[in-house]
Each structure stands twice: as C-alpha cells, then as structure tokens.
Amino acid sequence: MCRESVKEFVRFVLAFCPINTRIVSTREVHNSFDKKVIGPDDSDFEEKPYQNVPVAARDNWQTTAVWLHEMFDKNKDPEPLFVLDLILKPGHLIPTYSTNPEEVVLKVLGVFDDGIEALQ
C-alpha cells in the first residue's frame, strides 16, 4: 500500500475523532466533531425518505425505509467504540476504568484493520 493511501486513511479516521469533549459526569459526556455536513449540493446527499408522509400514515415499508436511513445517515455523529468511566470500588484506593485496556486496543486495531482492508 502506498504511503499516500495510508495518510488519506488516517485523515479519514481522525475526522471521526472529537475535537472537544466536555465531561459532565461519568455518565454524561458531550463531544464536538469538526465535520462537514452533507448538503443537497454534494454528490452523496440522500434526502430523508417519506418525509412528506405523516408518521401515523406510513406503512411498514415506509417506516422501515425511514429507520434504515436514520441508521446509516452520513450526517449523524458516530457511536463511541467504548466508554471509559473511572470507578472507585468500595475498599479500593485506586479507581479503575470500566473498560479493560485490552478491549480498547482491540477495538481501535479493528477499526484500522477494517480501513486498511477497505483500501486494498
């Protein structure tokens, strides 16, 4: 694989990393992403299906199409790979993370492996 492809892939992955994180509590975290919102002028813009049909009037097919569009919408914020909460267990002096470090490493490596595979 050429060096330029790897650089492009890294730029793509970094676009999905938050640029700002505000931690309210271990249960509430707000991330800000520096991303371009896809609009009608973009070639990969997809209009939400059946937006002119009232929700109560949609049949099963239309409801499923709207649900699938929302699931794969290019403008939605990505789901986090893992949650890192610090937990202080009773009787312990040092807090531990809620997610094992091995799991974090495996998920990050999985994302990069999928990207490298897609580029081949």
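The values are calculated or read from the model by the stated rules, or taken from the named source; none is laboratory data. Keep in mind it's a predicted model, so treat the numbers as computed, not measured. Reconstructed Cβ throughout: ideal geometry from the backbone, glycine too, with neighbour counts over all protein chains shown.
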Subject >> Filtered residues of the stretch 43-64 (kept if at pLDDT below 70 and among the charged types (D, E, K, R)) >> reply: 44
Subject >> Conditions (1) in contact with a Leu (Cβ under 9 Å, 6 or more places away or on another chain); (2) assigned to a helix (DSSP H, G or I); number of the one not met by residue 67 >> reply: (1)
Subject >> Residue check, residue 16 at pLDDT 75 or above, closer than 23 Å to residue 114 by Cβ and of a type outside the set (Ser, Thr, Tyr) >> reply: no
Subject >> Which numbered condition residue 37 misses (of (1) modelled with pLDDT under 70; (2) more than 18 Å from the chain's Cα centre (by Cα); (3) surrounded by fewer than 10 Cβ atoms within 10 Å (Cβ to Cβ)) >> reply: (2)
Subject >> Inter-residue pairs, beta-carbon under 6 Å, first more than 26 Å from residue 32 (Cα to Cα) and surrounded by 10 or more Cβ atoms within 10 Å (Cβ to Cβ) and in the stretch 78-97, second modelled with pLDDT under 80 and among the aliphatic types (A, V, I, L, M), 6+ apart >> reply: 95/86
Original post:
Take the residues of the stretch 100-120 that are under 18 Å from the mean Cα position of the chain (by Cα) and at pLDDT below 80: which is farthest from residue 13 (Cα to Cα)?
Top reply: 118
